[in-house]
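Step one of this worksheet: look at the structure below.
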Amino acid sequence: MTADPSTPSAVLPPPVALIGPMAAGKSSVGRRLAKILSRDFVDTDRRVTAEHGPIPAIFEQQGEAVFRQLEHEQVAKSLLPGHIVALGGGAVLNEATRALLADATVVLVTVTESAVAARIDNDRRPLLAEGGVSAWRRIAADREPIYRQLAHVEADTSRRPIAHIAEEVAAWVLEHEHRVAHGEPTADRSSRID
Ligand SMILES: Nc1ncnc2c1ncn2[C@@H]1O[C@H](COP(=O)(O)OP(=O)(O)OP(=O)(O)O)[C@@H](O)[C@H]1O
Ligand SMILES: O=C(O)C1=C[C@@H](O)[C@@H](O)[C@H](O)C1
Ligand SMILES: [Mg+2]
């Protein structure tokens with residue numbers, strides 16, 4: 001039987017989405033993961049910025065709700081079979097975005113509070129502009145149940161270089177896709193890489 005070239009998505013794996021708190025390493029791990037797996041990479045924060053300008057200006061001039069809608073539009077355009085997509089930290093707050101993630105392999109990228117402190121010094125993220133690490137802690141804790149509900153696996157970036165973490169996530173993704181493709185049971189949602 002020959003493959004039908006008009007339905008390429010039939011042979012491509014589901015999109016891989018990276019979610020998680022601000023500065024956890026979604027973009028860094030995602031970019032590396034895409035290289036390892038030879039897949040296309042999209043960073044939705046970058047797409048929003050490219051189309052609508054800097055994120056702090058969107059928050060300031062139009063408010064968070066408008067940003068969430070613009071972000072959702074970029075997630076919807078990016079979550080395609082065969083793609084690796086790093087979402088913004090708060091993208092999962094949007095119900096329509098959460099619904100899209102039901103068809104993706106979802107990697108929760110995490111970081112400890114002590115490791116994140118150095119990463120959010122002089123931060124450009126509008127939600128951390130005032131409160132620094134304590135704002136990060138509060139926002140991460142508020143969102144944690146949503147992240148956990150959506151994730152198939154968690155990868156923590158606090159202790160090891162991105163390259164190592166991305167290699168392990170890549171191996172996990174290939175194994176997961178193999179199981180799904182063969183109708184085998186997948187690992188439970190508390191799988192962890194760190
Ligand atoms: N394992 C790691 N070791 C050291 N630094 C790291 C590690 N992972 C990420 N970083 C650094 O942390 C910073 C934030 O990473 P990154 O931008 O990938 O996070 P993010 O989750 O995409 O954040 P955002 O909320 O902006 O989308 C970057 O400067 C990155 O180089
Ligand atoms: O966690 C958040 O709410 C955000 C995270 C960043 O990735 C950006 O999407 C923006 O700064 C908002
Ligand atoms: Mg990012």
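The values are calculated or read from the model by the stated rules, or taken from the named source; none is laboratory data. Just so it is clear, the structure is predicted and the values come from calculations on it, not from any experiment. Here the Cβ is made from the backbone with ideal geometry for all residues, glycine too, and neighbour counts use every protein chain on show. Each accessible area value is taken on the protein alone, full model and side chains, heavy atoms only, with ligands, DNA and RNA left out. Shrake-Rupley method; radii C 1.70, N 1.55, O 1.52, S 1.80 Å.
Couple of notes before you dig in:
- Tally, over the stretch 84-112, of residues that are away from ligand 3 (no atom under 15 Å from the Cβ) and closer than 26 Å to P161 by Cβ: 4
- Search result, residues across the stretch 46-65 that are open to solvent by less than 50 Å² (accessible area, probe 1.4 Å) and within 16 Å of ligand 3 (Cβ to nearest atom): V48, I55, I58, F59
- Tallying residues that are under 18 Å from A96 (Cβ atoms) and among the β-branched types (V, I, T) within the stretch 29-57 yields 3.
- Across the stretch 96-128, the number of residues qualifying as in a loop (DSSP other than H, G, I, E, B) and either closer than 22 Å to V180 by Cα or small (G, A, S) (or both) comes to 3.
- R31 meets the conditions (1) crowded, with 20+ Cβ neighbours inside 10 Å; (2) within 12 Å of the chain's Cα centre (by Cα); (3) charged (D, E, K, R) in every case but one. The failed one is (1).
- Taken over the stretch 174-183, the criterion of being in a loop (DSSP other than H, G, I, E, B) and open to solvent by 80 Å² or more (accessible area, probe 1.4 Å) is satisfied by H182 alone.
- Restricting the stretch 105-148 to residues that are open to solvent by less than 20 Å² (accessible area, probe 1.4 Å) and of a type outside the set (A, V, I, L, M), the residue that is farthest from the chain's Cα centre (by Cα): W136
- Qualifying residues in the stretch 131-173 (those that are touching a residue at least 60 places away in the same chain (Cβ under 8 Å) and part of a loop (DSSP other than H, G, I, E, B)) - the one farthest from L101 (Cα to Cα): T157
- Which numbered condition L128 fails, given (1) free of Cβ contacts under 8 Å to residues at least 60 places away in the same chain; (2) among the aliphatic types (A, V, I, L, M); (3) touching a Phe, Trp or Tyr at 6+ places or on another chain (Cβ under 7 Å): (1)
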